[in-house]
Amino acid sequence: MNNKIKYWFLACRPKTLTGAAVPVMIACACAYADGFLKQDIAILCLLFAFGMQICSNLINDLFDYLKGSDREDRLGPQRACSQGWITPQAMKAGICVSVLVSCMFGLGILYLSLPQLLFKGWELIAVGCCCVVFAYLYTSILSYKGYGDSLVILFFGIVPVCTTYYVQTSVVTLPVFLLSLACGNAIDALLVVNNYRDREQDKISGKNTTVVLFGEKFGSFQYLMSGIIPVSIIFLVYILDRLQVFRCGYISIYEAVVVMIVYLSVHIAAWKKMMGIHKGRQLNQILGRTSLNILIFGILLTLIIINN
C-alpha cells in the first residue's frame, strides 16, 4: 500500500466506524420491524454516518495537533499530523472533502425521503448542519470543556438513530428514542476509555474531560455504567411494551436476558481488564475490545428487533 494512502487510512481511524454503523443498524432494524425499511435510504444513511465519523476523526487529528495535545508522551494510537505523515494544510483539505462527500450522501437522503417529510426537508438540512458543526466544535472546543460524553450520546445515539428511522417512516416513536439512548450510552464507552487512558496527559494539556474533572474512580464507574445503562433501557422498552404504554413488539423477555448476559459479560470483562491495566499504552487494548463489544451490542439488538 502506498504510504500516503496508508497514512490517510490510519487518519480516518477505521476501528471507530463501529460507532457510526451501530446507530444506523438499530434504526433500520426498527424500521424493518414496523414495515417501513427503505434499503436505498438506509445505505445512504450508513454512508453519511461513515463520512461524518471520518470527518470528525480528521478534525480531531488536526486540532489536537494545533492545540498541542498530541505531545511526545501521548499514549493513544499515533496521529497523522503530530507524526508528520500529513501536513495541517493537507488535513484541512481532507476535512473539506469528507464534509462535501457526506453532504452529497445527505442530499441523496433528502431527495429520496422528501415526499414523506413533515417539514419539506428543512428538518434534515438542520440536522445535517448540526452534524457538521458538531464535528468541528466537539474537538476544537467542547471536548475540552467536559461536554464530550453528552455530545456522544446525542450525536452517536439520539440523532443518528432517530433521524435514520424518521427518514424512512416520517415519525419518531418513544421506543425508538429510548433505543437511541441505549445506543448512545453504549458507544460512549469508547470515549470513556480514551479519557481514562489520557487522564494525566489531558490534565496537563488543559483538556477537562469528565475523567479529569471528577477523577479516575469516576472514569472507572462511568465505563461500567456505559454497559449497564444500555441493557437497563432494553429492559425498560420491554416493560413499557408489556404495560401497553406503547406497542412495538421489538423485544421479548428471553431476548432481553440474552443481551444482558452476552453484552454485560464482554463489557464487564473489558472493564476488569481496564482496571487491571490501570494506566499506560496497554489501555489501547481496551479500546479495541470496547469497539468490538459495541458491535456485538449492535448486532444482538438488531437481530432481536428484526426477529420479532
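The values are calculated or read from the model by the stated rules, or taken from the named source; none is laboratory data. The structure presented is a predicted model; accordingly, all values stated were derived computationally and were not measured. Virtual Cβ from ideal backbone geometry, glycine too; neighbours counted across all protein chains shown.
Here are the numbers for this structure:
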| quantity | calculated |
| --- | --- |
| Number of the exception - Leu178 against (1) modelled with pLDDT of 95 or more; (2) more than 21 Å from Ile286 (Cβ to Cβ); (3) within 13 Å of the chain's Cα centre (by Cα) | (3) |
| Residues (farther than 22 Å from Val262 by Cβ and of a type in the set (S, T, N, Q)) located in region 221-251 | Gln244 |
| Lone qualifier among Ser98, Ser113, Ser102, Ser82 - being closer than 19 Å to Arg197 by Cα and assigned to a helix (DSSP H, G or I) | Ser82 |
| Entirely in region 170-271, the helices (runs of 4 or more DSSP H) that have 2 or more residues that are closer than 17 Å to Ala33 by Cα and touching a Phe, Trp or Tyr at 6+ places or on another chain (Cβ under 9 Å) | 174-197, 216-242 |
| Some residue of region 273-290 being among the hydroxyl-bearing types (Ser, Thr, Tyr) and surrounded by fewer than 19 Cβ atoms within 10 Å (Cβ to Cβ) | no |
| Which numbered condition Thr87 fails, given (1) more than 22 Å from the chain's Cα centre (by Cα); (2) at pLDDT below 90 | (2) |
| Selected residue (only one of Ala27, Ala21, Ala80 is in contact with a Pro (Cβ under 8 Å, 6 or more places away or on another chain) and closer than 28 Å to Thr290 by Cα) | Ala27 |
| Members of region 141-152 found to be surrounded by fewer than 22 Cβ atoms within 10 Å (Cβ to Cβ) and not aromatic (Phe, Trp, Tyr), listed by number | Ile141, Leu142, Lys145, Gly146, Asp149, Ser150, Leu151 |
| Only listed residue being farther than 28 Å from Arg281 by Cβ and acidic (Asp, Glu), chosen from Asp64, Asp34 | Asp34 |
| Pair list, Cβ under 8 Å, 6 or more apart: region 117-140 residue surrounded by 15 or more Cβ atoms within 10 Å (Cβ to Cβ), other residue assigned to a loop (DSSP other than H, G, I, E, B) and at pLDDT 90 or above | Leu117/Ser170 |
| Criterion violated by Tyr65 - all others in (1) farther than 29 Å from Arg199 by Cβ; (2) assigned to a helix (DSSP H, G or I) satisfied | (1) |
| Subset of region 214-234 (residues that are farther than 23 Å from Gly146 by Cβ and surrounded by fewer than 17 Cβ atoms within 10 Å (Cβ to Cβ)) | Ser232 |
| In region 272-307, residue farthest from Asp198 (Cα to Cα) [restricted to those that are part of a helix (DSSP H, G or I) and over 21 Å from the mean Cα position of the chain (by Cα)] | Ile306 |
| Set Tyr111, Tyr144: member being of a type in the set (Ser, Thr, Tyr) and touching a residue at least 12 places away in the same chain (Cβ under 8 Å) | Tyr144 |
